[in-house]
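Heads up: the structure comes next, in structure tokens.
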Amino acid sequence: GEIDDAIEIFEDSIELVTTNDYSMLATIENNLGQAKREKGLWDEAVKHFEGCWRYAKRAKSMELKVSGFLNRGELYSLQGNYETAKEQCKKALDLLSNLPLSDTNNIQRLIYASMYLGMAFRHSGDYVQAEKEFSVALKKAQDDQNQEAIGRILQQLGINAHLIGRKVRREDGYLDEACKQQLKAWQYLTEALDI
């Protein structure tokens with residue numbers, strides 16, 4: 001919770017890194033981006049995630065490149081740049097298809113790539129595609145027995161079902177279907193709370 005101190009430490013750390021240790025520079029840029037995101041400085045966070053990706057490319061680290069794509073995808077979606085967000089998530093998924101899924105970190109990246117892609121679809125109003133992506137992420141998280149990810153994805157599914165229900169009620173007037181979606185939302189959110 002001490003974001004300002006974390007930012008200062010990460011910024012100081014950059015000066016201590018050997019200039020050609022691109023992997024370490026990518027990691028620090030990624031952490032700086034996450035700290036700036038937590039502070040609400042989204043534009044600055046995106047710049048650090050871009051820095052992470054550039055250093056990861058120089059380090060030839062596919063894993064760090066994936067992190068850069070994922071973090072930018074999430075932020076672009078929150079900023080309303082939905083198509084760019086989707087592209088970033090799809091690039092992350094494409095890179096992940098070439099990485100070993102025996103690595104727990106890669107499995108987690110795969111789960112979050114699908115979840116962030118679902119969020120980009122939801123934010124753009126494509127609730128059906130969002131539900132598909134969230135369901136893919138949920139299956140992967142359940143297979144990995146990743147309770148934290150399962151809880152977060154269930155929250156996303158709940159929000160998405162609520163929005164489907166609201167849309168059906170407002171635009172189509174189908175109250176039965178709207179109620180079914182709201183019940184589904186409640187069930188997802190309740191299950192997330194239980195986790």
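Listing for the model above:
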read-out	value
Residue, least open to solvent (accessible area, probe 1.4 Å), within segment 147-176, restricted to residues that are over 14 Å from the mean Cα position of the chain (by Cα) and polar (S, T, N, Q)	N160
Check on I111, in a helix (DSSP H, G or I), in contact (Cβ under 8 Å) with a residue 12 or more places away in the chain, in contact with a Lys or Arg (Cβ under 6 Å, 6 or more places away or on another chain) and over 18 Å from A56 (Cα atoms)	yes
Matching residues, segment 36-60, being exposed (fewer than 15 other Cβ atoms within 10 Å of the Cβ) and not in a helix (DSSP H, G or I)	G40, K60
Tabulated pairs, segment 126-139, first polar (S, T, N, Q), second in a helix (DSSP H, G or I), C-beta under 6 angstrom, 6+ apart or interchain	Q129/F121
Residues of segment 130-146 that turn out to be surrounded by 16 or more Cβ atoms within 10 Å (Cβ to Cβ), over 14 Å from the mean Cα position of the chain (by Cα) and over 16 Å from A92 (Cβ atoms), as a count	3
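The values are calculated or read from the model by the stated rules, or taken from the named source; none is laboratory data. Nothing here was measured: the structure is a model prediction, and the numbers come from that model. Glycine gets a Cβ as well: all are built from the backbone with ideal geometry, and neighbour counts include every protein chain shown. The area values use the complete protein model at the heavy-atom level, side chains included, leaving out ligands, DNA and RNA. Shrake-Rupley method; radii C 1.70, N 1.55, O 1.52, S 1.80 Å.
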